[in-house]
Amino acid sequence: MRYDVHFRRNKDALMYQDVEVQTISYKGEGAVWVDFQQDPDFSNDKFLRIVQEGGAFSFVNIDYVSEIIPCD
């Protein structure tokens, strides 16, 4: 599933469009990155991993995320 992620950096409202969103899962052996839909309770996590086309990724502090909207 792909998402639009709205967040703030400094005082700017920013958005990643049509990206994969991953969160840390501590289930099983160690911590692994899983799709946000598989583990939407990211309350223990500090960052979301945003995966763009081509596999490049970046991290967004969840404290600055305002909305995560599934793409149609």
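The values are calculated or read from the model by the stated rules, or taken from the named source; none is laboratory data. Small disclaimer: the values here were computed from a predicted structure and weren't measured. Because the Cβ atoms are built from the backbone with ideal geometry, glycine has one as well, and the counts that use them run over all protein chains shown.
Just to confirm my filter: which strands (runs of 3 or more DSSP E) fall fully inside the chain and include at least 2 residues that are of a type in the set (S, T, N, Q)?
Values: elements: 3-9, 12-25, 32-35, 47-51, 57-61, 65-70.
Of the strands (runs of 3 or more DSSP E) lying wholly inside the chain, those with at least 2 residues that are of a type in the set (S, T, N, Q) span 12-25, 57-61.
List pairs: first in the stretch 50-72 and within 14 Å of Trp33 (Cβ to Cβ), second modelled with pLDDT under 90, Cβ under 6 Å, 6+ apart or cross-chain?
Pairs that qualify, where the first residue is within 14 Å of Trp33 (Cβ to Cβ) and the partner is modelled with pLDDT under 90, are Phe59/Phe47.
Using the structure shown, decide if Ile50 is modelled with pLDDT of 90 or more and touching a Phe, Trp or Tyr at 6+ places or on another chain (Cβ under 9 Å). Spell out the reasoning first.
On the way: modelled with pLDDT of 90 or more: yes; touching a Phe, Trp or Tyr at 6+ places or on another chain (Cβ under 9 Å): yes.
Yes; evaluated as a whole, the condition is true for this residue.
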